[in-house]
Amino acid sequence: MIDGLLELAVVIPTFNEKANVPTLIAKLDQALAGRNWEAIFVDDDSPDGTADAARAIARLDKRVRVIQRIGRRGLSSACIEGMCATAAPVVAVIDGDLQHDETLLPAMLDLLKGADIDVVVGSRFVDGGGTGEWDRDRVAKSAFATKLSRRVLKADLSDPMSGFFMIRSDIVRHLAPGLSAIGFKILLDLLTASPQPLRFVELPYTFRVRTEGESKLDHVVALEYLIALYDRMFGRVVPVRFAMFSAIGVFGVGIHMAVLTALFVGFGANFLAGEIVATLAALTFNFFLNNALTYRDRRLKGWRQLLDGWVSFAVICAVGAVANVGIAAFLYEMRDGAWAASALIGVLVGAVWNYALSSKFTWGRY
Ligand SMILES: Nc1nc2c(ncn2[C@@H]2O[C@H](COP(=O)(O)OP(=O)(O)O)[C@@H](O)[C@H]2O)c(=O)[nH]1
Ligand SMILES: [Mg+2]
């Protein structure tokens, strides 16, 4: 069998998992003995040198490959790139921290060799599976997220949030252009993107305890999850990034008014001075919030990038403001008296301008 065709690619997204790399390869080697497989590490340039650790093994073992992504973060997009980087007919995704049970892989592969299954999912929530030593808080959060995603999914899958699954690679390539690639729930993304329901089987496993490194799933990741769901439901009407950008813009108006009120009413400052300070405060607030949330995956870091980004954002927004006022004034002239509608269209044009240019020039450069 070893000399035969490549059967399976195991995609392993990693961020700071250096200590787990050799163990994982050894475990895959054992679990997949007699199968023709390759492992693809997709590492987001981990500071701990995970990619180097994987390359050190890859020099000796041709089954191991490494994709090192620079300047990008994101579990879903890492999985997609890994899955599209193989000639194997079947791909599995497994965490790099040994929490998933790799001994399930041969059974998953055998199931996919039958004609009528598209995806095999490792599930913590079918009989025989488990969440291991999770605390109650995490079990509750996970149960909530699972419930929510089942609503969106309309499929009777017990563990749609699972990060451990195997799928035919032609299906992934076919669905890839329509994936939202945001956040960390790639399986959910694949299942919801498919025009016809994917045929799935679930196999139970117990989520292991992490012994090396630490979890990257923080609160912002939970927000990303909600964003991914939003994207699936309304993303076609209003793109998720634009919705976030606009929501943050509305917050910015609040900041502007609060600062202006404090300075002008509270401290009796000159109106123009108050306006200038309020505008700068709102602009800075919007810049940092967009950097942390809307463009989290392309976040600017360090003084130099942040300063460059802030300046370009300020210039773009200044032009956006001129366009906003100009268009509103023009419409107001044309449709005598429709002041509110004119103003709103001005705001919308300004917002689209700010969004389009800042996504290209402020957050699109590094
Ligand atoms: N390439 C890449 N891998 C990631 C990223 N975030 C997490 N991972 C990897 O995804 C897997 C699951 O993440 P983990 O933090 O263990 O999630 P948890 O098990 O739910 O706590 C691990 O192998 C991580 O190293 C990321 O932004 N990019
Ligand atoms: Mg983990």
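The values are calculated or read from the model by the stated rules, or taken from the named source; none is laboratory data. This structure is a prediction, so every number in the text was calculated from the model and none was measured. FYI the Cβ positions are ideal-geometry reconstructions off the backbone, even for glycines, and counts take in every protein chain you see. Side chains are part of the model used for accessible areas, which takes the heavy atoms of the whole protein and leaves out ligands, DNA and RNA. Shrake-Rupley method; radii C 1.70, N 1.55, O 1.52, S 1.80 Å.
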Looking at the stretch 289-327, which of its residues are open to solvent by 40 Å² or more (accessible area, probe 1.4 Å), in contact with a Lys or Arg (Cβ under 8 Å, 6 or more places away or on another chain) and either outside any helix (DSSP H, G or I) or of a type in the set (Val, Ile, Thr) (or both)? 299
Determine whether residue 135 is surrounded by fewer than 18 Cβ atoms within 10 Å (Cβ to Cβ), within 16 Å of ligand 2 (Cβ to nearest atom) and more than 22 Å from residue 14 (Cβ to Cβ). yes
Report the residue count in the stretch 161-212 for those that are closer than 11 Å to residue 119 by Cβ, open to solvent by less than 40 Å² (accessible area, probe 1.4 Å) and in a loop (DSSP other than H, G, I, E, B). 3
Looking at 45, 61, 95, which is the one that is surrounded by fewer than 23 Cβ atoms within 10 Å (Cβ to Cβ), in contact (Cβ under 8 Å) with a residue 24 or more places away in the chain and away from ligand 1 (no atom under 14 Å from the Cβ)? 61
Criterion violated by residue 217 - all others in (1) at pLDDT below 75; (2) open to solvent by less than 20 Å² (accessible area, probe 1.4 Å) satisfied: (2)
Being closer than 17 Å to residue 289 by Cα and part of a helix (DSSP H, G or I) is the requirement here; does residue 342 meet it? no
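Using the structure shown, decide if residue 119 is surrounded by 19 or more Cβ atoms within 10 Å (Cβ to Cβ), in contact with a Cys (Cβ under 9 Å, 6 or more places away or on another chain) and either in the same structural domain as residue 25 (by TED's automatic domain parsing) or of a type in the set (A, V, I, L, M, F, W, C) (or both). I'd like the intermediate steps shown before the answer.
Values: surrounded by 19 or more Cβ atoms within 10 Å (Cβ to Cβ): yes; in contact with a Cys (Cβ under 9 Å, 6 or more places away or on another chain): no; either in the same structural domain as residue 25 (by TED's automatic domain parsing) or of a type in the set (A, V, I, L, M, F, W, C) (or both): yes.
So residue 119 does not fit the description; no.
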Residues of the stretch 92-111 being more than 13 Å from ligand 2 (Cβ to nearest atom) and assigned to a loop (DSSP other than H, G, I, E, B), in sequence order, are none
Scanning the stretch 99-116 residue by residue, those open to solvent by less than 30 Å² (accessible area, probe 1.4 Å) and touching a Leu at 6+ places or on another chain (Cβ under 8 Å) turn out to be 102, 104, 105, 106, 108, 109
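Go through 14, 23 for me and flag whichever is open to solvent by 40 Å² or more (accessible area, probe 1.4 Å), within 16 Å of ligand 2 (Cβ to nearest atom), among the polar types (S, T, N, Q) and touching a residue at least 60 places away in the same chain (Cβ under 8 Å). Working first, answer last.
Working: 14 fails: open to solvent by 40 Å² or more (accessible area, probe 1.4 Å).
Unique residue meeting the criteria: 23.
Within the stretch 243-251, is even one residue more than 16 Å from ligand 1 (Cβ to nearest atom), open to solvent by 60 Å² or more (accessible area, probe 1.4 Å) and either in the same structural domain as residue 168 (by TED's automatic domain parsing) or at pLDDT 80 or above (or both)? Spell out the reasoning first.
First pass over the stretch 243-251, keeping only residues more than 16 Å from ligand 1 (Cβ to nearest atom): 243-251.
Okay, now just the ones that are also open to solvent by 60 Å² or more (accessible area, probe 1.4 Å), so 250-251.
Next, only the ones that are either in the same structural domain as residue 168 (by TED's automatic domain parsing) or at pLDDT 80 or above (or both) stay: 250-251.
Checked the stretch 243-251: at least one residue is more than 16 Å from ligand 1 (Cβ to nearest atom), open to solvent by 60 Å² or more (accessible area, probe 1.4 Å) and either in the same structural domain as residue 168 (by TED's automatic domain parsing) or at pLDDT 80 or above (or both).
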Of the conditions (1) in contact (Cβ under 8 Å) with a residue 60 or more places away in the chain; (2) closer than 21 Å to residue 75 by Cβ, the single one that residue 146 does not satisfy is (1)
